[in-house]
Amino acid sequence: MVEIRDLHKSFGNLEVLKGIDFTVDRGQVICVIGPSGSGKSTLLRCVNLLEEPTKGTVLVDGADLTDPDIDIDAARRQIGMVFQQFNLFPHLKVLDNLTIAQRRVLKRGKAEAVRVARENLAKVGLEDKANSYPAQLSGGQQQRVAIARSLSMDPDLMLFDEPTSALDPELVGDVLTVMRKLAQDGMTMLVVTHEMAFARDVADRVVFMDGGVIVEQGPPSQVISDPQHERTKIFLRRVL
Ligand code: ADP
Ligand code: MG
């Protein structure tokens, strides 16, 4: 589903990604962990071309996103992204937040867009909030709305960048429950997170990044429970 080869990204003189290689198979969940500033967000942003790689290739579902001739909008449409900040439209009701891109980008009719929106609100346990405004919801509910909004676009791949980091601790669990369910339903997911219990239970593979490189990657039983590299051990000692 995703193949990243020798990915480099610089901002001016600062090289943030220094040759990243990994793959995500369809239906897999990959968790990316690592200290702040190690390049995790930049990596995700290269996967949906919010950043243009300096060098290397990013293949998503066979399409080379670094090919200048590719239809970027079409490629991006397959990819959902959920950020730390929920980025909902504050002036729109929840239901309208979920239908607007379906109608404008996918050209769905109103009835179908509403049907899909309600289906996805039910999936995240918020069917009763369709007519609320974002400000009337808790942070955890807003993040679940943001997930439902992404799902309404029928993505093949979901990217999550620290989706629970801005939430009060008691609201984290509900968001992680939704993500676990999504993983069980077979969604392909690339998740940057500091939630080690989630990574241990849900990830097929954990990627530990530090200083713009992948220091080690493997199943959680290896990377989290039995890390081989000193840098991984130091990081885990801090977060566990
Ligand atoms: P992480 O998500 O692991 O905390 P980031 O990918 O956000 O790391 O950032 C990695 C490094 O790249 C940091 O030093 C950050 O300051 C730098 N960086 C990120 N985006 C930009 C940008 N648009 N311009 C300049 N530097 C950036
Ligand atoms: Mg980040």
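The values are calculated or read from the model by the stated rules, or taken from the named source; none is laboratory data. Quick caveat: nothing in here was measured; it's all calculated off a predicted structure. With ideal geometry, Cβ positions are generated from the backbone for all residues, glycine too; neighbour counts draw on all protein chains shown. Just so you know, the surface numbers come from the protein's heavy atoms only, side chains and all, with ligands and any DNA or RNA stripped out. Shrake-Rupley method; radii C 1.70, N 1.55, O 1.52, S 1.80 Å.
Counting pairs of alpha carbon atoms under 8 Å apart in space and at least six apart in sequence, what relative contact order in percent does the chain give?
After rounding, I find 26 percent.
Considering only C-alpha atoms, what is the centroid distance from region 94-153 to region 184-240, in Å?
So the two Cα centres are separated by 31 Å.
Evaluate E = 1/(1 + (r/R0)^6) for Gln85 and Gln228, where r is the Cβ-Cβ distance and R0 equals 25 Å; express this FRET efficiency to the nearest 0.05.
So, using R0 = 25 Å, E works out to roughly 0.10.
Report the one residue of Met179, Leu44, Val94 whose Cα lies farthest in the direction of the positive end of the charge dipole of the chain (charges on C-beta: Lys and Arg +1, Asp and Glu -1; origin at the Cα centre).
Val94
Kindly report the accessible area of region 121-240 per residue (heavy atoms of protein chains, probe 1.4 Å, no ligands, DNA or RNA), in Å².
Result: 42 Å² of accessible area for each residue.
Short version: ³J(HN,Hα) in whole Hz for each residue of region 55-70, in order, from phi by Karplus 6.51 cos²θ - 1.76 cosθ + 1.60 (θ = phi - 60°), x for Gly and Pro, what are they?
7, x, 10, 10, 9, 10, 6, x, 8, 7, 5, 8, 6, x, 8, 6
Ratio of alpha-carbon Rg to the 2.2 N^0.38 Å globular estimate for the chain, to two decimals, please.
Here the answer is 1.01, to two decimals.
Taking the Cβ-Cβ separation of Thr23 and Ala122 as r and a Förster radius of 35 Å, what is the calculated FRET efficiency to the nearest 0.05?
It comes out at approximately 0.60.
In percent, how large is the relative contact order of region 184-240, given Cα pairs closer than 8 Å and 6 or more residues apart?
27 percent
Using a probe of 1.4 angstrom, how much of the accessible area of the chain is carbon and sulfur, in percent?
46 percent
Convex hull over the Cα atoms of region 56-177, averaged projected area in nm²?
8.4 nm²
Taking the chain as a Gaussian network, Cα atoms linked when under 10 Å apart, which of Pro90, Pro220, Pro155 shows the biggest mean-square fluctuation?
Highest fluctuation among the options: Pro90.
Quick one: how many lysine pairs does the chain have with C-alpha atoms less than 13 Å apart and a gap of 8 or more or different chains? Give me the count, please.
7
Taking 7 Å along the Cα-to-C-beta vector as the label spot, tell me the Thr54-Arg237 distance in nanometres, rounded to one decimal.
Here the answer is 3.2 nm between the modelled labels.
Say a paramagnetic label sat at a point 7 Å from the Cα of Arg115, along Cα to Cβ; which residues of region 132-162 have their backbone N under 20 Å from it?
Within reach of a label on Arg115, which here means backbone N under 20 Å from a point 7 Å along Cα→Cβ, region 132-162 contributes 148-155.
Take region 97-240, compute every pairwise Cα distance, and split them into 10 Å bins from 0; I just need the percent in each bin.
Result, from short to long distances: 11, 36, 30, 16, 7, 0 percent.
So how much accessible area does Ser41 have, in Å² to the nearest 10, using a 1.4 Å probe?
50 Å²
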